[in-house]
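The values are calculated or read from the model by the stated rules, or taken from the named source; none is laboratory data. Bear in mind that the values here come from a model prediction, so they are computed numbers and not experimental data. Methodologically, a virtual Cβ is constructed for each residue, glycine included, from the backbone with ideal geometry; neighbour enumeration extends over all protein chains shown. Protein only, heavy atoms only, side chains kept; ligands, DNA and RNA dropped before computing areas. Shrake-Rupley method; radii C 1.70, N 1.55, O 1.52, S 1.80 Å.
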Amino acid sequence: MAEKEPEKEAPSGKKTVNDIDNIVIQMCRQHQNKGIDQDTMMKQSPELTITELGGSLNRLAKSMLITFSKDPKTGQLLWRAADPEAFAKIKGLTAEERLVYQFIEQSGNRGVWIRELKNKTNFQQTQIAKILKNMENKKLVKAVKTISHKSQKVYMLYDVKPHEDVTGDIWYNDQEMDSEFIDVLCHQCCQYVTSKEFASAEEVAGWVRKSGISRVDLRTENIKSILDALVYDGKIECIDDPRGPAFLGGKSAVLYKPTKMGHIPTAFTTTP
């Protein structure tokens, strides 16, 4: 029986494909936070030719060992090493599924439409639908209803929290304005302000969080929008804090106080 010939080694000084890929992955790891563009790679590793670098980026991207995103300022692609845990999740995906996954990953917390995936991948819509269904079952991606197009959905990674522009922020529930929730907040905030001589938005927000009346984590700016609506409706008044922002450490220099004829509001939705 003939013996297996030993694998030929690369001539001394000549880089193998593995050598090139290791150099590229190392550069991506060194710039993991901000990413690294191709021009910077060429400067950092002048021993690589543009052909070698381009081939390595394509190989590593197809294998999902590196990921890329577009720099919003320059339009250049920024490359990063893939997260080991994320790579483990998609290890069993086909090449077509990995391509769709990459485009969904790049969409971040705003998601991507099916028609966008179709245009970017050149896949048929039935093929994309099948791929998405498979990845949904594996809890790799999820479909999210949007406030702008209620009959359509965008897709994003399963663990990503949708942007407020997609879901309609805290004032919406399943893409419908939650009037009942808003009315409760208006009622409670108005009651709190009318029980005080005056109160800041930070103070009211702190009280709301401690009271447990909200099912979501409300930020100070959320409460401020409620208070400003109450001012518009004539339920409370808004005055400048006489202490000024310097005394308040840069915080709100506005205070809210009850009106002389203050009463409890019934709707936030009266604000145009």
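Scanning segment 217-258 for residues that are surrounded by 15 or more Cβ atoms within 10 Å (Cβ to Cβ), assigned to a loop (DSSP other than H, G, I, E, B) and modelled with pLDDT of 70 or more yields Leu218, Asp233, Lys235, Asp241, Ala253.
Would you say Ser56 is under 30 Å from the mean Cα position of the chain (by Cα) and not hydrophobic (A, V, I, L, M, F, W, C)? Yes, satisfied. Among residues that are in contact with a Cys (Cβ under 7 Å, 6 or more places away or on another chain) and surrounded by 18 or more Cβ atoms within 10 Å (Cβ to Cβ), Ala81 is included.
Among the residues that make up segment 97-108, is at least one of them charged (D, E, K, R), closer than 22 Å to Asp21 by Cα and in contact with a helix residue (DSSP H, G or I) (Cβ under 9 Å, 6 or more places away or on another chain)? Yes.
Would you check if there is a residue in segment 130-138 being open to solvent by less than 60 Å² (accessible area, probe 1.4 Å) and modelled with pLDDT under 90? Checked segment 130-138: no residue is open to solvent by less than 60 Å² (accessible area, probe 1.4 Å) and modelled with pLDDT under 90.
Among the numbered conditions (1) farther than 23 Å from Ala129 by Cβ; (2) part of a loop (DSSP other than H, G, I, E, B); (3) over 19 Å from the mean Cα position of the chain (by Cα), the only one that Ile25 does not meet is (2). Of all the numbered requirements in (1) at pLDDT below 90; (2) open to solvent by 30 Å² or more (accessible area, probe 1.4 Å), Ile50 misses one, and that requirement is (1). Taken over segment 54-102, residues that are polar (S, T, N, Q) and part of a strand (DSSP E or B) amount to 2. Can Lys142 be described as closer than 28 Å to Arg215 by Cβ, open to solvent by 30 Å² or more (accessible area, probe 1.4 Å), touching a strand residue (DSSP E or B) at 6+ places or on another chain (Cβ under 7 Å) and at pLDDT 90 or above? When the stated conditions are applied, Lys142 passes them. If you go through segment 53-67 and pick out every residue that is modelled with pLDDT under 85 and crowded, with 18+ Cβ neighbours inside 10 Å, you end up with 1.
Based on this model, can you work out whether Lys210 counts as surrounded by 16 or more Cβ atoms within 10 Å (Cβ to Cβ), in a helix (DSSP H, G or I), modelled with pLDDT of 85 or more and of a type in the set (D, E, K, R)? No; evaluated as a whole, the condition is false for this residue.
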